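Just below is one structure, and these are the notes that go with it.
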Amino acid sequence: MATTYGALALAPPLLAIVLAMTTRQVLVSLFAGVWVGALIVAGWNPIAATGLTMDWLVEVVRSPFDTKFILLIMFMGAGAAFIYRSGGILALERWIGDRVDSARESQILTWLIGVFIFFDSYTSTVVTGNATRELAQENRSSREMHAYVLDSTTSPVTTFGPVSNWIGFQVSMVIAGFEAMQVSLSELGVTAFGLFLRSIPWNIYCFMAFFMVGLISITQRFFGPMLDAEWRARSTGRTIREDATALSDVSQDVGEPSEKNPSLVNFFAPILVLLVVGLVSMWWLGGGYQPGVDVATAFQETDVALGLLYGAFAFMLTGFVGALGYRTMDLEAASETIINGFKTMNIAIAIIVLAWSIGLAAERVGTAQFIVDTMVGSGVPGSFLPIIIFVAAMLIAFTTGTSWGTMAILTPLAIPLGYELVGPSILPVLIGVLFGGAIWGDHSSPISDTTVMSSIFAGSDHIDHVNTQIPFAGTAAGATAVVLLLYGFGVQTPYVALPLAFVLTAVAVVALNKFDAKRKGLPEVMPSAAAIERGDVDVDAIERGNVDGNNGSYDYLSLVPVVSIVVVVAYVGLVFAFAALGG
């Protein structure tokens, strides 16, 4: 019989999270959490606990998936270094600089690019971050905001697809849930993919998170620590806090971009190759070339890490060839760029390995099972099961740092439970809210690998990213929770729930912005850096607490916001058309 540790099961992840938030020393905090987990398992023997900690570190690094992921992170770092060092970023800035000339437009552009890379969240973070980071900093958008836009765009978009490795994984979790309750999908007259499609309108958190990125970027209404970060960036030009540590800073690690023949080819070619090779590799590895294997099945069966590893290697190789082909650097400089690109990922790899290790520690002490038993065993009516599953998914993902792990833990529990308590009608609701709650935890946890990657490719201090994103993620989750509570009282159609959640989210953003801006004596609508430099905004008056007449002013019918809204509306329409296929 497995050993149970009760409330002590919460100690490893909570210790790591509390220490990381208070000390800002992420590596030490994560290691402390892993070691405490080992201490509990080892019967409070500190020597045995240290040995067990080493075993766990080795175990996660030896995992085939994790090993591939470490290698692809290194290749991604080298590829990004080539894009920067070969002058590709410089060429992009010269080409797009006149078209995107404010922090607002750079934020909207980042959101927009994220929509187009829907097949993998890691790839989306890498590509979008590389494409817009320098532009965002040049226009004085804080690195915290850039990391938020990356983080809260990529996961929702890849969750909805229409074709992504996330969908493949989530469908496999639905299958696992039915296997756990020993009732076949055919008995209910549905397929796993069809049930997933029907769950999309109930993934309310992801819709709200994605919506908030656009709403805040377009209106420039910030609140919480992000309000301070954006004011600092606009008024002083410091896109990162003065004593902060960027998780990755390409310019410091690989040197300044080459002025020798900078070309857009050296920017777009590596990214295009990354997308094509990554996507085709995942399709091929999933058996997509075989007769009778459709795209959805291929992505469900693929080896995600290996497909992305192939894409990452091609990304690096294309950058290497482009740098030599356009003679922006010689062979020695290109070789050094590969090594320096690897170095940019050292801290990130250390954090990711420790994050995996603390996930393993949480598994060994039973963190997830303790949370599930506590939440689900509360004896509330079945109609309130969605809010319980949503909160349980949030807590598990927050404390373990993995949305996929949370889905794997909870789906085989939630589907049988919902079927027994209510019946098949509640299953799409539970699946949608479970996946959404898991992604909230991913957005809010400092030990999440996707959160780490957003910090990397925005060049942000990791804890600053977490601290500034949590209030935004909490707002989207709060609107979701209200709607799910109403579900418990009988409002059980997504055609009412989803529009209501949009209204609640928009009202909350405006109200929190007005309250926090007034409390801090800062503009409600953040002015552009150009307006501040022209003297349209009186910084000295604001510092004295006089905000009147110093709000930003923007043209809502300008090219970038209009194009973004058109594209996003078309994308959301595609998502709902996709969902309608589920019946």
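The values are calculated or read from the model by the stated rules, or taken from the named source; none is laboratory data. None of the values given here were measured: they were computed from a predicted structure. Ideal geometry is used to build each Cβ from the backbone, glycine not excepted, and the neighbour counts take in all protein chains shown. Remember, those area values only see protein heavy atoms, side chains included, never the ligands or the DNA or RNA. Shrake-Rupley method; radii C 1.70, N 1.55, O 1.52, S 1.80 Å.
Step by step: first the residues of segment 185-212, then only those that are under 24 Å from the mean Cα position of the chain (by Cα) and open to solvent by 50 Å² or more (accessible area, probe 1.4 Å), then the one that is farthest from Met145 (Cα to Cα). Which residue is that? Among them, the one singled out is Phe193. Asp228 meets the stated requirement of being in a helix (DSSP H, G or I), open to solvent by 40 Å² or more (accessible area, probe 1.4 Å) and modelled with pLDDT of 90 or more.
Does any residue of segment 487-505 turn out to be within 23 Å of the chain's Cα centre (by Cα), at negative phi and open to solvent by 40 Å² or more (accessible area, probe 1.4 Å)? Yes: one or more hits.
Just to be sure before I move on: is Arg133 in a helix (DSSP H, G or I), open to solvent by 10 Å² or more (accessible area, probe 1.4 Å) and under 29 Å from Arg85 (Cβ atoms) in the structure I sent? Judged against the criteria, Arg133 is a match.
Among the criteria (1) within 30 Å of Asp330 (Cβ to Cβ); (2) open to solvent by 10 Å² or more (accessible area, probe 1.4 Å); (3) touching a Lys or Arg at 6+ places or on another chain (Cβ under 8 Å); (4) not polar (S, T, N, Q), the one Gly87 does not fulfil is (2). What pairs come up if the first residue lies in segment 174-203 and is at pLDDT 80 or above, the second is part of a helix (DSSP H, G or I) and open to solvent by 60 Å² or more (accessible area, probe 1.4 Å), and their beta carbons are under 7 Å apart, counting only those six or more places apart or on different chains? As it stands, the answer is Leu188/Pro424, since those pairs meet every condition given. Just a yes or no: is a residue in segment 3-24 of a type in the set (Val, Ile, Thr), under 21 Å from Gln369 (Cα atoms) and outside any helix (DSSP H, G or I)? So far as segment 3-24 goes, yes, one or more of its residues are of a type in the set (Val, Ile, Thr), under 21 Å from Gln369 (Cα atoms) and outside any helix (DSSP H, G or I). Only one entry of Ala530, Ala479 meets the criterion of being open to solvent by less than 50 Å² (accessible area, probe 1.4 Å) and more than 26 Å from the chain's Cα centre (by Cα), and that entry is Ala530. Scanning segment 336-354 for residues that are part of a helix (DSSP H, G or I), open to solvent by less than 10 Å² (accessible area, probe 1.4 Å) and among the aliphatic types (A, V, I, L, M) yields Ala348, Ile351, Ile352.
Looking only at residues of segment 506-524 that are surrounded by 13 or more Cβ atoms within 10 Å (Cβ to Cβ) and of a type in the set (Lys, Arg), we find that the one that is nearest to Val539 (Cα to Cα) is Lys520. Annotation note: of Ser63, Ser86, the sole residue that is more than 24 Å from the chain's Cα centre (by Cα) and at pLDDT below 90 is Ser86.
Considering segment 371-387, the residues that are at pLDDT 70 or above, open to solvent by 50 Å² or more (accessible area, probe 1.4 Å) and not β-branched (Val, Ile, Thr) include one that is nearest to the chain's Cα centre (by Cα), namely Asp373. When each of Asp449, Asp461 is tested for being under 12 Å from the mean Cα position of the chain (by Cα) and open to solvent by 10 Å² or more (accessible area, probe 1.4 Å), the lone residue that passes is Asp449.
Suppose we filter segment 530-571 for residues that are part of a helix (DSSP H, G or I) and either closer than 19 Å to Arg221 by Cα or touching a helix residue (DSSP H, G or I) at 6+ places or on another chain (Cβ under 8 Å) (or both); how many remain? Of the residues in segment 530-571, 15 are part of a helix (DSSP H, G or I) and either closer than 19 Å to Arg221 by Cα or touching a helix residue (DSSP H, G or I) at 6+ places or on another chain (Cβ under 8 Å) (or both).
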